[in-house]
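Single-structure report; data block below.
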Amino acid sequence: MRCPYCRTRLEEMSPECPSCRLTFERAGALLGPMPRIGPGISDLAGALPKGDPKKITKAINRLMWTFPQVSVHVLLHLFPTEHPFELHVFWVFNGGGLSPESQKGGENRAILLALDPGQGKSALMIGYGLEPYLGDDALAHLLELSEPAWKAGEWTRGILELLGGLDRLLESAALEVANGFGLSALAAPPRRGEF
């Protein structure tokens, strides 16, 4: 992970950024009250047509069924412009209740897609538990692929494209890990006989 303010590389248990000294508490004091977000999708910007949140929720649920250790959240919000967009995303990711207390540090496998339709900005933030498997370049590529849809104001299409790409990226990472340990990534055949 990188500091959302100065982009310095951070270690998992860093109490503050070694360069600019940013902490979650300082970010909260700077940014004010946390937007009210729920699990799954939160369209606080009112950018999605009626019925589209259900389509996105279905795609999120499919992805989380395939990868039950991962939680996926989408936030559309009009963030204030006085501070960097990445700082807001960091603040929401860490303080918005997206992960239970028991899933902190390397146990955090949450994914947040944040979109600001007003500023035309997007970001993907992942928990430390996914960082070894999902590189910054791959995540940036997913955002780039969805950008044309978002520039056209087609928020749902871009989100669904990104979720599809994220599904493929997670599958690729799982296959790579299984291969590295000499494991089969295929489901075991059903056994007959005893219950």
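The values are calculated or read from the model by the stated rules, or taken from the named source; none is laboratory data. Just so it is clear, the structure is predicted and the values come from calculations on it, not from any experiment. Don't worry about glycine lacking a Cβ; one is built from the backbone with ideal geometry, like all the others, and counts go over all protein chains shown. Please note that ligands, DNA and RNA were not included when accessible areas were found on the heavy atoms of the full protein model with its side chains. Shrake-Rupley method; radii C 1.70, N 1.55, O 1.52, S 1.80 Å.
Quick check: anything in segment 154-173 surrounded by fewer than 14 Cβ atoms within 10 Å (Cβ to Cβ) and farther than 23 Å from Lys55 by Cβ?
Yes, that holds for at least one residue.
Among Lys58, Lys54, Lys50, which is within 17 Å of Ile111 (Cα to Cα), more than 16 Å from the chain's Cα centre (by Cα) and surrounded by fewer than 17 Cβ atoms within 10 Å (Cβ to Cβ)?
Going through Lys58, Lys54, Lys50 in turn, just one is within 17 Å of Ile111 (Cα to Cα), more than 16 Å from the chain's Cα centre (by Cα) and surrounded by fewer than 17 Cβ atoms within 10 Å (Cβ to Cβ): Lys58.
Yes or no: Glu16 over 18 Å from Ile111 (Cβ atoms) and surrounded by 14 or more Cβ atoms within 10 Å (Cβ to Cβ)?
yes
Evaluate the following for Ala47: is it in contact (Cβ under 8 Å) with a residue 12 or more places away in the chain, assigned to a loop (DSSP other than H, G, I, E, B) and of a type outside the set (Asp, Glu)?
Yes.
Given (1) over 16 Å from Ala110 (Cα atoms); (2) open to solvent by 40 Å² or more (accessible area, probe 1.4 Å), identify the lone condition not met by Thr66.
(1)
If you go through segment 123-149, how many residues are open to solvent by less than 70 Å² (accessible area, probe 1.4 Å), touching a Gly at 6+ places or on another chain (Cβ under 7 Å) and under 27 Å from Leu175 (Cβ atoms)?
4
So, in segment 100-111, how many residues would count as being open to solvent by less than 20 Å² (accessible area, probe 1.4 Å) and either free of Cβ contacts under 8 Å to residues at least 40 places away in the same chain or of a type in the set (D, E, K, R) (or both)?
Number of matching residues: 1.
Can you pull out the residues in segment 23-40 that are open to solvent by less than 40 Å² (accessible area, probe 1.4 Å) and out of contact with any Leu (no Cβ under 8 Å at 6 or more places or on another chain)?
Passing the criteria: Thr23, Gly28, Gly32, Gly38, Gly40.
Give me the residue from segment 112-122 that is open to solvent by 20 Å² or more (accessible area, probe 1.4 Å) and assigned to a strand (DSSP E or B) and, out of that set, nearest to Pro132 (Cα to Cα).
My answer is Ser122.
Among Phe93, Phe79, which is assigned to a loop (DSSP other than H, G, I, E, B) and surrounded by 17 or more Cβ atoms within 10 Å (Cβ to Cβ)?
Phe79
Given the criteria in contact (Cβ under 8 Å) with a residue 60 or more places away in the chain, more than 20 Å from Tyr5 (Cβ to Cβ) and touching a strand residue (DSSP E or B) at 6+ places or on another chain (Cβ under 8 Å), does Val72 qualify?
Taking the combined requirement at face value, the residue satisfies it.
Quick check on Gly164: is it closer than 16 Å to Met64 by Cα, at pLDDT 95 or above and in a helix (DSSP H, G or I)?
Taking the combined requirement at face value, the residue satisfies it.
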